[in-house]
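Here's the structure we're looking at; comments come further down.
All of the numbers you see were taken from the coordinates with simple rules; none came from a lab. What you see is a predicted model, and the numbers here were worked out from it, not measured in a lab. Every residue, glycine among them, receives a Cβ derived from its backbone with ideal geometry; neighbour counts consider all protein chains shown.
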Amino acid sequence: MGRKALPSDAKGFVLLADYVPHIVQEIRYYSTYNFIGERIDGYEEPCALLTKEAARALKAVSSEMIVRGYRLKVFDAYRPVTAVKQFILWGIEDTDIRMKPYFYPDLEKQELFARGYIAKQSSHSRGSAVDLTLLDMQTGKELDMGSPFDLFSPLSHPDCRDITEEQFENRMILRHTMIRNGFAPIDCEWWHFALADEPYPDTYFTFPVSREALLK
């Protein structure tokens, strides 16, 4: 059972960088380099927020990865409901497909929802889901996972074997470590994990992604 929470109340959340100081962040929905092509509603700062429980579990993942020579790189964490609403409106009403070649080259945008790549209610909005990859500490480069973050394609499914053995092994390094530390994967994105025992399983939060939201 999750604790009751108000959707606008961020007191159960933390700034991820405070919990995991070695983490690298590239918050894509704060930038214009995402599948819509503009900054997404609710992303007021390029920072990752998570529930305390998810951040604590991710710290354990980070510690384990550092010993193995990797650092975590986060693309997204908590995602406000306002962002998800923008995704839905873009999918239904917006005719803009300028980012199609980069993120969904083989699909029509309306298919992104039917195939599960974009959810109309996102686990990210419950505050315990994270999108991430690994950086090699020796080279400073991302591990080659066989497809980039947010490529909506069967190539991004974790069990896809139309990639090299090294790429598949890189995915499994991330996947197995996340699962071992309490996160659950999904079947269509190698980068997405949610805390299995999440503290707010029925609450979809609305406050913006910003440090200020944590102080209210």
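Bridging of Lys73 to lysines at a Cα separation below 29 Å is possible for Lys11, Lys52, Lys59, Lys85, Lys100, Lys109, Lys120, Lys141, Lys216, once same-chain residues fewer than 8 apart are set aside. Label sites at Asp136 and Lys216, each approximated as a point 7 angstrom past Cα along Cα to Cβ, lie 4.4 nm apart.
For segment 138-155, the Karplus equation 6.51 cos²θ - 1.76 cosθ + 1.60, evaluated at θ = phi - 60°, returns couplings of 6, 9, x, 9, 5, 5, 7, 9, x, 7, x, 4, 6, 7, 8, 6, x, 4 Hz by residue, with Gly and Pro reported as x.
State the extension gain, in nm to one decimal, for the chain segment bounded by Ile97 and Leu6, taking 0.36 nm per residue of separation less the distance between their alpha-carbons.
29.2 nm
Select from segment 1-108 those GluC sites (Glu not before Pro) which occupy a DSSP coil region and have at most 13 other Cβ atoms within 10 Å, ordered by residue number. All intermediate terms of the calculation are to be shown ahead of the outcome.
Numbers: sites: Glu26, Glu38, Glu44, Glu53, Glu64, Glu93, Glu108; in loops: Glu26, Glu38, Glu44, Glu93, Glu108.
In loop regions of segment 1-108 (DSSP not H, G, I, E or B), the sparsely surrounded GluC sites (Glu not before Pro) are Glu93, Glu108.
The radius of gyration of the Cα set in segment 13-215, together with its Dmax, comes out at 16.1, 47 angstrom. Pop the C-beta distance of Gln121 and His157 into the FRET formula with R0 = 22 Å and round what comes out to the nearest 0.05. E between Gln121 and His157, to the nearest 0.05, is 0.55. Fully extending the segment from Thr164 to Ile179, taken as 0.36 nm per residue of separation minus the present Cα-Cα distance, adds 3.2 nm. Here the Karplus curve 6.51 cos²θ - 1.76 cosθ + 1.60, taken at θ = phi - 60°, turns the phi angles of segment 13-29 into couplings of 10, 9, 6, 4, 4, 6, 8, 10, x, 8, 6, 9, 10, 9, 6, 5, 7 Hz, with x standing for Gly and Pro. For segment 22-101, trypsin sites (Lys or Arg not before Pro) are listed when DSSP marks them as loop and at most 13 other Cβ atoms sit within 10 Å of their Cβ; the list is Arg68, Arg98. Note on Ile88 and Ala60: the extension gain reaches 6.7 nm, defined as 0.36 nm multiplied by sequence separation minus the Cα-Cα distance. When each full DSSP H helix of the chain is screened for a Cα extent of at least 15 Å along its own axis and an average Kyte-Doolittle hydropathy of at least -0.5, the helices passing are 52-67, 81-92.
Applied to segment 199-214, the Karplus parametrisation 6.51 cos²θ - 1.76 cosθ + 1.60 on θ = phi - 60° returns per-residue 3J(HN,Hα) values of x, 10, x, 10, 10, 10, 7, 10, 5, x, 7, 6, 5, 4, 4, 6 Hz, with x for Gly and Pro.
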